[in-house]
1. Hey, among the residues in region 87-138 that are modelled with pLDDT under 95 and part of a loop (DSSP other than H, G, I, E, B), which one's nearest to E232 (Cα to Cα)?
2. Collect the residues in region 391-403 that are more than 24 Å from W132 (Cβ to Cβ) and either of a type in the set (A, V, I, L, M) or in a helix (DSSP H, G or I) (or both), keeping them in residue-number order.
3. Please find, within region 42-56, the residue that is modelled with the lowest pLDDT out of those that are open to solvent by less than 50 Å² (accessible area, probe 1.4 Å) and touching a helix residue (DSSP H, G or I) at 6+ places or on another chain (Cβ under 9 Å).
4. Take G135 and decide whether it is crowded, with 19+ Cβ neighbours inside 10 Å and of a type outside the set (A, V, I, L, M).
5. In the list N299, N289, which residue meets the criterion of being more than 22 Å from the chain's Cα centre (by Cα) and either touching a residue at least 12 places away in the same chain (Cβ under 8 Å) or more than 26 Å from K216 (Cβ to Cβ) (or both)?
6. For a quick check of your reading of the model, give me the residue pairs whose first member lies in region 199-215 and is within 13 Å of F160 (Cα to Cα), whose second is of a type in the set (V, I, T) and surrounded by 14 or more Cβ atoms within 10 Å (Cβ to Cβ), with beta-carbon atoms closer than 9 Å and at least 6 apart or on different chains.
7. Could you check T42 against (1) closer than 30 Å to V406 by Cα; (2) in contact (Cβ under 8 Å) with a residue 40 or more places away in the chain; (3) hydroxyl-bearing (S, T, Y); (4) not in a loop (DSSP other than H, G, I, E, B) and say which number it fails?
8. List, please: which pairs have Cβ atoms under 9 Å, are six or more places apart or on different chains, and start with a residue in region 368-397 that is touching a residue at least 24 places away in the same chain (Cβ under 8 Å) and farther than 24 Å from F329 by Cβ and end with one that is among the acidic types (D, E) and part of a loop (DSSP other than H, G, I, E, B)?
Amino acid sequence: MGMSVAANHAKGKFAADAIMAAAARCTEDVKKNGADAVINGTIGSIIDENGDLVVLQIVKDTLKQLTPNQIVAYAPIPGFPEYLNAAIDQCFCDSRPEGYIRAIATPGGSGAIHTAVHNYSEPGDEVLTTDWCWGAYRNIIRDDNRVLREFELLTDDGKFNMKSFSENLQDLVNKQHNTVIILNSPANNPTGFGLNLDEWDAVLSFIKSAVEGKDKNIILVSDVAYLDYSGEKQECRRFFKKFGNLPANILPIVAYTCSKGFTLYGQRMGAMIGITSSEDVADEFTAINKYTARATWSNPTSSAMWTMIEITKDPEKVARLDAERAQYFQMIKERADIFMKEAADCGLKILPYLSGFFITIPMIGSDKVCAALEKEHIYLVPLKKGIRLAVCSVSKKKIAGLAAKVKAAVDAAGIVQ
């Protein structure tokens with residue numbers, strides 16, 4: 001390494017993002033050969049059957065009607081009160097948990113995750129999440145001088161691995177005063193897996209037993225980035241009710257985002273929502289996270305907040321919003337169904353997929369397979385233990401036959417799944 005003037009904690013940081021790298025190569029291929037010749041399975045945004053980025057029509061209409069002040073004026077540091085109330089209502093719907101609920105506006109769900117790690121763990125602490133996870137968790141945790149610890153998400157028969165979760169959590173509780181857990185469910189990125197209600201019961205029961213009678217705290221960060229495309233609106237939210245009436249030393253924080261549900265990807269708007277049985281913990285939540293907001297991004301994005309406010313205050317607009325989301329949820333489901341059936345037919349193994357934007361094909365040697373597929377103008381994302389396919393971005397026409405092409409590349413590479 002050459003000369004460095006960075007602080008010790010920053011030395012050696014380098015973000016090599018496999019998703020962005022694959023997307024960049026795909027973009028160049030499209031320029032040379034045209035979009036029709038290329039399959040882009042890298043994008044974590046909804047692309048319609050014509051290849052265009054989806055922006056919900058109700059969102060487009062509302063954005064156009066905002067006043068200049070709504071677009072450019074500074075917002076309060078924690079967010080407009082109307083926005084925070086709307087975020088809570090949109091997140092929980094009929095499954096609002098009991099307790100003191102507070103919210104702070106954040107730049108997307110990633111801002112909520114960053115702030116939760118920053119304010120509820122100590123430098124050097126380990127933060128627990130699943131082995132199949134969004135790669136940026138590692139960046140967020142390392143950048144805050146914490147350490148990522150992974151437990152195995154799935155058992156051999158495709159169920160939530162309660163044994164791995166409980167063993168890792170108990171070890172951390174024994175060593176640390178606070179333990180932060182990040183669970184991305186429903187519609188886990190990159191697998192599409194989600195915990196069912198019984199599995200949530202088991203997780204929360206063990207969390208309670210792990211800190212019962214101890215001067216220890218657990219902060220459960222529920223990353224629900226793909227919530228609005230993970231099932232029927234009320235059914236997929238039922239697990240939120242379980243976050244109510246927990247002991248005061250267990251703090252669930254929901255990392256909520258407008259990026260997917262409102263298709264406001266680049267507006268970077270979200271919220272961290274805390275649920276607690278303690279008014280003191282709730283007041284502290286507001287104070288410390290508002291402070292961190294001021295110390296980092298300072299003010300949230302006014303235009304995105306007003307878009308959500310204007311939609312959610314009108315029941316007719318909410319009905320349009322729900323109908324559009326349901327339409328695109330069905331479109332993504334149909335694409336996933338095609339791929340899963342064809343994968344089963346050709347013997348290509350995939351991880352359990354329930355809903356969401358992504359399907360994962362497990363293997364060691366994903367770089368080799370993805371490189372071979374790119375020669376056929378097929379772009380997927382190589383992961384450490386598999387390949388991620390964004391079913392949200394590949395049309396039904398292009399996804400038909402894709403499983404067989406991936407299987408052929410796996411076989412040609414001599415890889416046994």
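1. W134
2. The answer is K396, K397, K398, A400.
3. In this case the residue turns out to be G44.
4. When the stated conditions are applied, G135 does not pass them.
5. N299
6. From residues that are within 13 Å of F160 (Cα to Cα), the pairs are V203/I181.
7. Among (1) closer than 30 Å to V406 by Cα; (2) in contact (Cβ under 8 Å) with a residue 40 or more places away in the chain; (3) hydroxyl-bearing (S, T, Y); (4) not in a loop (DSSP other than H, G, I, E, B), T42 violates only (4).
8. K385/D131
The values are calculated or read from the model by the stated rules, or taken from the named source; none is laboratory data. Just so we're clear, the structure is a prediction, and the values are computed from it rather than from any experiment. Virtual Cβ from ideal backbone geometry, glycine too; neighbours counted across all protein chains shown. Remember, those area values only see protein heavy atoms, side chains included, never the ligands or the DNA or RNA. Shrake-Rupley method; radii C 1.70, N 1.55, O 1.52, S 1.80 Å.
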